Amino acid sequence: MSSSNIESLYNHIWFRKSADSNHSSVLSLREQLALHWLRPGESFLDIGCGTGNLCKEVMPIFTHVHGCDISDSALSLAKTLGISVKKVDVNQPPLPYDSHTFDAITALDVIEHLFDPQSFLHELHRLLKPGGQLILSTPNFRKLKNIHTLLIKGVFPKTSNDPEGWDGGHLSYFTRKDLLLLLRQSGFTPLRSQGIHSLDRHRLIKRLFVTLLGQHLSKEFLASGILIESTA
């Protein structure tokens, strides 16, 4: 897919979201969890910043807040929040920032959209200061619902809620162990991981299963997403 086609896809996604009355400035669950983990510092970068919701929330704990995205539709809204933004196609490295610039980087549900996740992680390691913090999230392909869809129904599971493109532009699929291996191979030291459980009408049943299975198994098989904190 060409860069112009990729840009068009994500402009369509963000144009729809910005026109949706149900889409607000409230942080998503993965953004809320990442915000809880972030340590205060001088410089912060949110890759795939969208309309800048997370960047806005971290302004009190970072001196310099930056965001990048490929979508003009999203960045035009992020600029109104006073965020320093750049239009970037992360599938075309290197990223336009100096080495060892940031104390913390978030890349929430970005890596599954990339042609070369390993090169992307090497780039993030380059951008972080020694000991800098990376918080990464992605859909959990090991979720039981995905396994059932693949093995019983015989079709490939969809991991995006976006209707545009094939699976909302997802190109790569990961389990928690996949990400831990990629992070270590890219020079990171993983510190902790957490399952991201979607909030829906089955939340009470999910809480019961989490209690019965325990945190580890529920993180592996019930969580819709994976959140991992690492240090450079």
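Just checking, how many residues over segment 59-83 are part of a helix (DSSP H, G or I) and not hydrophobic (A, V, I, L, M, F, W, C)? Result for segment 59-83: 4. Any chance segment 197-207 includes a residue that's within 17 Å of Asp109 (Cα to Cα) and modelled with pLDDT of 90 or more? No, that holds for no residue.
May I ask you to list the residues in segment 66-108 that are within 26 Å of Pro139 (Cα to Cα) and among the basic types (Lys, Arg)?
Start the filter on segment 66-108 by keeping residues that are within 26 Å of Pro139 (Cα to Cα), which leaves 66-75, 77-78, 85-95, 102-108.
Correct list: Lys86, Lys87.
When you look at His66, is it more than 16 Å from the chain's Cα centre (by Cα) and not aromatic (Phe, Trp, Tyr), yes or no? I'd like the intermediate steps shown before the answer.
Working: more than 16 Å from the chain's Cα centre (by Cα): no; not aromatic (Phe, Trp, Tyr): yes.
Spelling it out, it is not the case that His66 is more than 16 Å from the chain's Cα centre (by Cα) and not aromatic (Phe, Trp, Tyr).
When restricted to residues that are surrounded by 16 or more Cβ atoms within 10 Å (Cβ to Cβ) and in contact with a Pro (Cβ under 7 Å, 6 or more places away or on another chain), segment 150-171 contains 1. For Leu150, state whether it is on the phi < 0 side of the Ramachandran plot, over 15 Å from the mean Cα position of the chain (by Cα) and touching a residue at least 40 places away in the same chain (Cβ under 8 Å). So Leu150 does not fit the description; no. Look at segment 13-28: where a residue is assigned to a helix (DSSP H, G or I) and at pLDDT 85 or above and a partner is surrounded by 15 or more Cβ atoms within 10 Å (Cβ to Cβ) and not acidic (Asp, Glu), sitting 6+ places away or on another chain with Cβ atoms under 8 Å, you get Ile13/Ser71; Ile13/Gly168; Ile13/Gly169; Trp14/Gly50; Trp14/Thr51; Trp14/Ser71; Trp14/Ser73; Trp14/Ala74. Every condition in (1) within 14 Å of Ser230 (Cβ to Cβ); (2) out of contact with any Asp or Glu (no Cβ under 9 Å at 6 or more places or on another chain) is met by Arg176 except one, and the failing one is (2). The residue of segment 156-186 that is farthest from Ile6 (Cα to Cα), among those that are touching a residue at least 40 places away in the same chain (Cβ under 8 Å) and of a type in the set (A, V, I, L, M), is Leu180. Residues to consider are Gln32, Gln118; find the one that is without any contact (Cβ under 8 Å) to a residue 24 or more places away in the chain, under 16 Å from Leu136 (Cα atoms) and of a type in the set (S, T, N, Q). The match here is Gln32. Of the residues making up segment 56-77, those that are at pLDDT 95 or above and more than 18 Å from Pro96 (Cα to Cα) are Lys56, Glu57, Val58, Met59, Pro60, Ile61, Phe62, Thr63. Would segment 185-196 turn up any residue that is more than 24 Å from Pro157 (Cα to Cα), modelled with pLDDT of 95 or more and buried (at least 20 other Cβ atoms within 10 Å of the Cβ)? Looking for residues that are more than 24 Å from Pro157 (Cα to Cα), modelled with pLDDT of 95 or more and buried (at least 20 other Cβ atoms within 10 Å of the Cβ), one finds at least one in segment 185-196, hence yes. If the condition is being under 11 Å from the mean Cα position of the chain (by Cα), in a strand (DSSP E or B) and hydrophobic (A, V, I, L, M, F, W, C), then segment 106-133 contributes Ala107, Leu108.
The values are calculated or read from the model by the stated rules, or taken from the named source; none is laboratory data. No experiment lies behind these values; they were computed from the predicted model shown. No Cβ is skipped: glycine too gets one built from the backbone with ideal geometry, and neighbour counts run over all protein chains shown.
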